[in-house]
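Peer 1: This is the structure I have questions about; it appears just below.
Taken together, the values in this text are just the output of simple stated rules run on the coordinates, not laboratory data. On a predicted model such as this, the values are computed, not experimentally measured, just so you know. FYI the Cβ positions are ideal-geometry reconstructions off the backbone, even for glycines, and counts take in every protein chain you see.
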Amino acid sequence: MDEEPPYVDDTAWGIDIDSEAGLGMLLIACAAGEPTNTHSPDFEILEGPHQDEVDGRYWYYFVQLRPGVTFASNEVEGYWECGGEQPGGGAAPVAPVPGSGDADDWQDDNDGEAQVKFAPKGGVETGFGGIARG
């Protein structure tokens, strides 16, 4: 039986949506409610926070990363408060989302199976500006 990984509160992850344009998504786990005072010297918040509709402990932001900065580099620092407390004494590294680096690696790990088996002509809008093609 597959088990869900343990929930780690007051932690942040990032994903590069469009590394050439510097667009990314910041995801913060905060069971206490909406994170506050979220900022970073490495990005500006464009939109958010948005609460995850499936698991309300997660909050995500769309961000504009500074030129030359990516979440994949694992060098992005973030500041936020979860339940009125700052993580790690104030600053915490924002780790890249596992599996977000290269779609080919994901396909290999998935035995080459496409995430979307059938797609209408033109593809399926994934919600983040990407198109899944069948």
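Peer 1: What FRET efficiency would be calculated for the residue pair VAL8, GLU47, taking the C-beta separation as r and a Förster radius of 25 Å, to the nearest 0.05? Mind showing how you got there, number by number?
Peer 2: Numbers: r = 24 Å, r/R0 = 0.98.
The calculated FRET efficiency here is 0.55.
Peer 1: Sorting check: for 71-78, 40-47, 23-30, 53-60, which peptide has the highest mean count of neighbouring beta carbons within 10 Å, and how do the rest follow?
Peer 2: 23-30, 71-78, 40-47, 53-60
Peer 1: How many nm separate the modelled label positions at GLU77 and GLU34, each set 7 Å beyond the Cα in the direction of the Cβ?
Peer 2: If labels sit at GLU77 and GLU34, their model points lie 2.7 nm apart.
Peer 1: Dividing the Cα radius of gyration by the Kirkwood radius, what Rg/Rh value follows for the range 13-80? Walk me through the intermediate numbers first.
Peer 2: On the way: Rg = 11.5 Å, Rh = 12.0 Å.
Ratio of gyration radius to Kirkwood radius: 0.96.
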